[in-house]
Structures are given as C-alpha cells and as structure tokens.
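Enquirer: Please read through the structure below; I'll follow up with questions.
Every number in this text was worked out from the coordinates using simple rules, so none of it is lab data. Everything quoted here is computed from the prediction, not taken from an experiment. As a convention, Cβ positions derive from the backbone with ideal geometry for all residues, glycine included, and neighbour counts pool all protein chains shown.
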Amino acid sequence: MKSVLITHNHIDHTRALKAIVGNENLKVERYIDHGMREGPGTGNPNWVREEKAEGNLDITIREIEEKAVLKAAAKALADADIDPVKCDTCDPKIRVLHGRVALQSDPSPRPLSPPPRCGEG
C-alpha cells in the first residue's frame, strides 16, 4: 500500500490504523496526517510514530501543516506521497486542501481533505 492518509483523529478514522499498518502481510510505505498528537483518537496515530521511532516499522511519516498547503499552487498540495495513484483507466487527482492550523483562540485542527474516489471529479 503506497499511503495511508488520516484526515483527522476521530476514532472512526483511526480505529483500524494499527491493524493495517501493523499487518506483517501488508507493507504500508507512507503514513500522512496533520501531526496532532493529543486528544481523542490519537492512540493509533501515536502508535505508528512510536513503532517507527523504536525501529519496528519501516514507514515514512509525514505531517502536513496549513502553511505547506498555502504555499502550494492553487492552494492544493500534491506530490508523489499524497497522490501515488496512477491507473491506466482512472487517475484521480488526490490533493490536500487543508493541514494543521495552530491558532490561539481555536487549537483544533482543520482536517485534511479526503481523497476523491476513482471516477469522481
């Protein structure tokens, strides 16, 4: 599997993360998220980071912050990590539209935008 992209740390988005990334029969090359390490739903994202730090996972971890998205062309971040999908019959354009935002008045992150499904605009 080329990439796992977590849009935000709600348990319905992170519950299966350990089972997927930790599956010895499935190689996940990249884990991408917004870098939030505290709050509800962070147990499995933090597990990925801990396993990588301990040398138990061979995986690239990437955190996307809002400033990286704002620097990108058309305010949408795309590269080989974010959009590894290349199909002969369908090549969806996967882009990150938001990243982690650190604001004094509102510390909650805006989620990464989910990738489109094959065949959708």
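Enquirer: Around Asp81, under 14 Å between beta carbons, what's the net of Lys plus Arg minus Asp minus Glu among the other residues?
Expert: In short, 0.
Enquirer: Cut-off under 17 Å on the C-alpha distance; same-chain residues fewer than 8 positions from Lys75 excluded. Which lysines are left, in chain and number order?
Expert: Lys67, Lys93
Enquirer: Name the long-range amide H neighbours of Thr60: under 5 Å, sequence gap of 5 or more, or other chain; modelled H, no Pro or chain starts.
Expert: Arg30, Tyr31
Enquirer: Would you tally the net charge around Gly43, using a Cβ to Cβ cut-off of less than 12 Å, leaving Gly43 out, and scoring K and R as +1, D and E as -1?
Expert: Taking every other residue near Gly43 into account, the sum is +2.
Enquirer: Around Glu65, which amide H atoms from residues at least 5 apart in sequence, or from another chain, sit under 5 Å from its own amide H, with H modelled in the peptide plane?
Expert: Residues meeting the criterion, in which the H sits 1.01 Å from N, are Arg100.
Enquirer: If you don't mind, another one. I need the phi-derived Karplus couplings for segment 58-68: 6.51 cos²θ - 1.76 cosθ + 1.60, θ = phi - 60°, integer Hz, Gly and Pro marked x.
Expert: So the J values, rounded to whole Hz, are 9, 8, 8, 10, 9, 10, 9, 9, 4, 4, 5.
Enquirer: Distance in nm between label sites at Glu38 and Lys71, each 7 Å beyond Cα in the beta-carbon direction?
Expert: Calculated label separation equals 2.6 nm.
Enquirer: Note the full-extension length gain between Asp12 and Lys52 as 0.36 nm times their separation in residues minus their Cα-Cα distance, in nm to one decimal.
Expert: Taking 0.36 nm per residue and subtracting the Cα distance, the gain is 12.1 nm.
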